[in-house]
Amino acid sequence: MLTAAVVSALMVGALALGAAPLRAQAGGDGAAGDAGRGRQVYERYCVQCHGARTDGAGEVARWSQPKPRDFRQGIYKFSSTPYGFLPTTADLDRVIQNGLYGTRMPPFAALSTRERRDVIAYLQTRSPRWRTEGPSTPITIPAEPASTRAAVTRGRELFEANCMKCHGDGTGNGPSAVKGMVDDWGMAITPANLTLGRGKWARTARDIYVRAMAGINGTPMPESADALTPEQVWQVAHYVQALGGWAGSTPELRRFAAQLPLPGAGEPAPADTVKP
């Protein structure tokens, strides 16, 4: 049985490998990835967590929460496309480059563009979805309006009406969360603590907008495109941005948001699973 120290060593090794990538392959930026080369990249950098069969059952997976992705299902949490649709190559590339904050998925920015494209091509051979479907068109992101006190105030009201059941006062302590939530893989899941100023994927108000609009595949986080207007989603994004030290937030709006009544200070919303 592996000890915690060995697990840590494996993770450090994975990060170290990211600093010494395989030899860059030839080809222009517009070239498609090569799945054969991508398998070599995968076996060097990804197999420890995602497993030899790309089933998310690598030797480090048992110590990981959330669990590594099972690529055979073709379900990816973080996408710029609408809920339920496959992500774009750029979506997958972003996760590989930046990693997922607060998880065991480290950033692999040291991999070359060619290597990232190749490993994405390999992952796209692991689920039949890629043979029968294509990525949807990314959601449209209108120009970001100014973040003002009025926008933050309205955003708090919309947050209470639409987000509080899971996210509670912003720390992820809503009634649905307290009751217990699971994702599509049957694993316990906790709503994001939005006061940390950083999400697994999201960093800015624009990112918050995308996540609110598109939802998070495989989780109880629904898309808001049918429930809220783009203006309202921006207001929610600016309120969330003011809950913590998110990139682009200002001390003045953070102080202002802290003075507003906490969501749920009145009648609590009923607990449910949110996702239809």
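Read the figures in this text as sums done on the coordinates, not as results from a lab. Given the structure is predicted, the values throughout are model-derived calculations rather than measurements. Don't worry about glycine lacking a Cβ; one is built from the backbone with ideal geometry, like all the others, and counts go over all protein chains shown.
Of interest is the spacing of the C-alpha centroids, which for the stretch 114-152 and the stretch 176-204 amounts to 20 Å.
Contact order for the stretch 56-194, expressed relative to its length and based on alpha carbon pairs under 8 Å spaced 6+ residues apart, stands at 18 percent. Taking every Cα-Cα distance in the stretch 167-214 and sorting them into 10 Å bins from zero, the calculated P(r) comes out as 25, 48, 27, 0 percent.
If you wrap a convex hull around the alpha carbons of the stretch 28-113, what volume per residue comes out, as a whole number of Å³?
Values: hull volume 9.4 nm³, N = 86.
For the stretch 28-113, the hull spanned by Cα atoms encloses 109 Å³ per residue.
Evaluate the charge dipole of the stretch 61-220 about its Cα centre and quote only its size in Debye, nearest 20, assuming +1 on the Cβ of each Lys and Arg and -1 on the Cβ of each Asp and Glu. Please report the intermediate quantities before stating the final value.
Working: 23 positive and 13 negative charges, 63 e Å.
For this selection, approximately 300 debye.
In terms of overall dimensions, the C-alpha atoms belonging to the stretch 69-218 reach 45, 37, 30 Å along their principal axes, ordered largest to smallest. Computed on the stretch 144-188, with alpha-carbon pairs under 8 angstrom and 6+ residues apart, the relative contact order is 18 percent.
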